[in-house]
Amino acid sequence: MSIVKAAVKRVRGMMKEADGKALRNPAAEAAGKRMQQEARGEVATHRSHRAGRPPSGM
């Protein structure tokens, strides 16, 4: 998953969590938190793969 897709997923999770809090729906709040965690994991995976590469332009 690309960083952009992971960022979109994280934002959607934040929106779902906020909706769950506003509507007092613990299931929606938990689902939003889970989406955010998944997106963070995807970004961390993507960054770890890039860590060994030299900076572009050199």
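Filtering segment 23-37 to residues that are open to solvent by 70 Å² or more (accessible area, probe 1.4 Å) and among the polar types (S, T, N, Q) leaves only GLN37.
Okay, residues lined up against (1) of a type in the set (Phe, Trp, Tyr); (2) surrounded by 10 or more Cβ atoms within 10 Å (Cβ to Cβ); (3) part of a loop (DSSP other than H, G, I, E, B); (4) at pLDDT below 95:
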{"residue": "VAL4", "(1), (2), (3), (4)": "no, no, no, yes"}
{"residue": "ALA7", "(1), (2), (3), (4)": "no, yes, no, yes"}
{"residue": "MET15", "(1), (2), (3), (4)": "no, yes, no, no"}
{"residue": "ARG40", "(1), (2), (3), (4)": "no, yes, no, yes"}
{"residue": "VAL43", "(1), (2), (3), (4)": "no, yes, no, yes"}
{"residue": "HIS49", "(1), (2), (3), (4)": "no, no, no, yes"}
{"residue": "PRO54", "(1), (2), (3), (4)": "no, no, yes, yes"}
{"residue": "GLY57", "(1), (2), (3), (4)": "no, no, yes, yes"}
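The values are calculated or read from the model by the stated rules, or taken from the named source; none is laboratory data. Everything numeric here is computed off the predicted structure, so don't read it as measured data. Using ideal geometry, Cβ is built from the backbone for each residue, glycine included, and neighbour counts are taken over all protein chains shown. The protein model used for the area step is the full one, side chains on, heavy atoms only, and it has no ligands, DNA or RNA in it. Shrake-Rupley method; radii C 1.70, N 1.55, O 1.52, S 1.80 Å.
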